[in-house]
Amino acid sequence: MEASSELHPEVVKSDEQWREELGRERFEVLRRGGTERPWSGALVTNHADGTYRCAGCGNLLFGSDAKFDSACGWPSFTEPAVAGAVVLLEDRSHGMVRTEVRCRRCGGHLGHVFDDGPGPGGERWCINSLSLEFEPFELG
């Protein structure tokens, strides 16, 4: 898990456009790097099969097969569905050093990744529900 310093989103809009499209809460998280309160997100306890996409641009980010209960208060994943879908940046805010996760396509703030997860890579991708749209698999 190596942080980059490069973020060059394909989807570029003004703050006014983002605010209008996302609404106040999602704008605060995706565009301002905010964080929803723990256990407040609609997707924390979601156990349905499907995919998780960026709420800003629809970019495929995570699959339900990588989701696990981390008891941290935010949806957690062991890895992204597509490694190139995200960009990792060093975050030195709040008096600590963390690795921030952003959507590669629109640059939206998703959450943070930590090295205390259960998966093969040992990572816990701690992502804000407000940053995500869940798309259930269709039964058929």
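The values are calculated or read from the model by the stated rules, or taken from the named source; none is laboratory data. Source: prediction; values computed, not measured. Heads up, the Cβs are rebuilt from the backbone with ideal geometry, glycines too, and the neighbour counts pull from every protein chain shown.
Return the only residue of 35, 45 being loosely packed, with under 13 Cβ neighbours inside 10 Å, assigned to a loop (DSSP other than H, G, I, E, B) and among the hydroxyl-bearing types (Ser, Thr, Tyr). Spell out the reasoning first.
Working: 35 fails: loosely packed, with under 13 Cβ neighbours inside 10 Å.
Testing whether each residue is loosely packed, with under 13 Cβ neighbours inside 10 Å, assigned to a loop (DSSP other than H, G, I, E, B) and among the hydroxyl-bearing types (Ser, Thr, Tyr) leaves just 45.
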(message) I'm trying to understand the selection: among the residues of segment 88-139, which are closer than 19 Å to residue 63 by Cβ, of a type in the set (Phe, Trp, Tyr) and surrounded by fewer than 20 Cβ atoms within 10 Å (Cβ to Cβ)?
(response) 134, 137
(request) Filter segment 116-131 down to residues that are part of a strand (DSSP E or B) and touching a residue at least 60 places away in the same chain (Cβ under 8 Å) and give me whichever is farthest from the chain's Cα centre (by Cα). (result) 125
(message) Return the residues of segment 1-32 that are part of a loop (DSSP other than H, G, I, E, B) and among the hydroxyl-bearing types (Ser, Thr, Tyr); say none if nothing qualifies.
(response) 5, 14
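Picking from 85, 66, 71, which residue would you name as being loosely packed, with under 14 Cβ neighbours inside 10 Å and of a type in the set (A, V, I, L, M, F, W, C)? Lay out the reasoning, then the answer.
On the way: 85 fails: loosely packed, with under 14 Cβ neighbours inside 10 Å; 66 fails: loosely packed, with under 14 Cβ neighbours inside 10 Å.
Sole residue among the options that is loosely packed, with under 14 Cβ neighbours inside 10 Å and of a type in the set (A, V, I, L, M, F, W, C): 71.
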(message) Among the residues of segment 74-84, what is the count of those that are at pLDDT 95 or above and of a type outside the set (Phe, Trp, Tyr)?
(response) 6
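Condition check: in a strand (DSSP E or B) and free of Cβ contacts under 8 Å to residues at least 40 places away in the same chain. Does residue 113 satisfy that?
Numbers: in a strand (DSSP E or B): yes; free of Cβ contacts under 8 Å to residues at least 40 places away in the same chain: no.
So residue 113 fails the test.
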(request) Output the number of residues of segment 68-89 satisfying the condition of being in contact with a helix residue (DSSP H, G or I) (Cβ under 9 Å, 6 or more places away or on another chain) and charged (D, E, K, R). (result) 1
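Condition check ((1) more than 19 Å from residue 135 (Cβ to Cβ); (2) over 11 Å from the mean Cα position of the chain (by Cα); (3) of a type in the set (Gly, Ala, Ser); (4) not in a strand (DSSP E or B)) across all residues:
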position: 58; (1), (2), (3), (4): no, yes, yes, yes
position: 72; (1), (2), (3), (4): yes, yes, no, yes
position: 81; (1), (2), (3), (4): no, yes, yes, yes
position: 89; (1), (2), (3), (4): yes, yes, no, no
position: 94; (1), (2), (3), (4): yes, yes, no, yes
position: 99; (1), (2), (3), (4): yes, yes, no, no
